[in-house]
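Asker: Input: one structure, supplied below.
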Amino acid sequence: MSNHIYKKIELTGTSTSSIEDAVNNAISRAAKTVKGLRWFEVIETRGDIADGKVSHWQVTIKVGFTLDE
């Protein structure tokens, strides 16, 4: 087993439907340009309110990825 070195980046995903979709949107967008995504942790969850209801979710995550050898 080799020793891996990881780097973390912070992303904020958004969605009008759910927290889970906001996380998935952030990860799927990052996967287009960042190789070796391995894990994530939720840092902050917030949202907008309109007419007494949640209208938009924003979820900030830290995503870890493996650095190339």
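Asker: List every residue whose amide H lies under 5 Å from the amide H of V54, counting only residues 5 or more places away in sequence or on a different chain, with H placed 1.01 Å from N in the peptide plane.
Answerer: none
Asker: Under 14 Å Cα-Cα from K35, which aspartates and glutamates qualify once same-chain neighbours fewer than 8 residues away are excluded?
Answerer: D68, E69
Asker: Now for a separate question. Keeping the other protein chains in place, figure out the carbon and sulfur percent of the accessible area of the range 1-68, with a 1.4 Å probe. Numbers along the way, then the final one.
Answerer: Values: 2440 of 4870 Å².
Roughly 50 percent of what the probe reaches on the range 1-68 is carbon or sulfur.
Asker: Give, rounded to the nearest 20 debye, the magnitude of the charge dipole that the chain has about its Cα centre when Lys and Arg contribute +1 at Cβ and Asp and Glu contribute -1 at Cβ.
Answerer: Working: 9 positive and 9 negative charges, 40 e Å.
Magnitude of the dipole: close to 200 debye.
Asker: Compute the distance in nm between two label points, each set 7 Å from the Cα along the Cα-to-Cβ direction, one at E69 and one at V54.
Answerer: In this crude spin-label approximation the distance works out to 4.3 nm.
Asker: Near G36, within a Cβ-to-Cβ distance under 14 Å, what is the net charge of the other residues, with Lys and Arg +1 and Asp and Glu -1? List each step's numbers first, then the result.
Answerer: Working: positive: K7, K8, K32, K35, R38; negative: D68, E69.
That works out to +3.
Asker: Counting other Cβ atoms within 10 Å, which trypsin sites (Lys or Arg not before Pro) in the chain have at most 16 and lie in a DSSP loop? If you can, show how the numbers build up before the last one.
Answerer: On the way: sites: K7, K8, R29, K32, K35, R38, R46, K53, K62; in loops: K32, K35.
Within the chain, the qualifying trypsin sites (Lys or Arg not before Pro) (loop, at most 16 other Cβ atoms within 10 Å) are K32, K35.
Asker: Between G13, G52, G36, where does the largest GNM mean-square fluctuation fall for the chain, given springs only between Cα atoms within less than 10 Å?
Answerer: Between G13, G52, G36, it is G52 that shows the largest mean-square fluctuation.
Asker: Determine the alpha carbon to alpha carbon distance for each of K7/K32; K8/K53; K32/K53 and list only those over 25 Å. Please list the in-between numbers first.
Answerer: Details: K7/K32 17 Å; K8/K53 33 Å; K32/K53 33 Å.
Where the Cα-Cα span goes over 25 Å, the pairs concerned are K8/K53; K32/K53.
The values are calculated or read from the model by the stated rules, or taken from the named source; none is laboratory data. These numbers were taken from a predicted model, which means no experiment stands behind them. A quick note on method: Cβ atoms are made from the backbone with ideal geometry, for glycine too, and the neighbour counts reach across all protein chains shown. All accessible areas refer to the heavy atoms of the entire protein, side chains included, with ligands and DNA or RNA removed. Shrake-Rupley method; radii C 1.70, N 1.55, O 1.52, S 1.80 Å.
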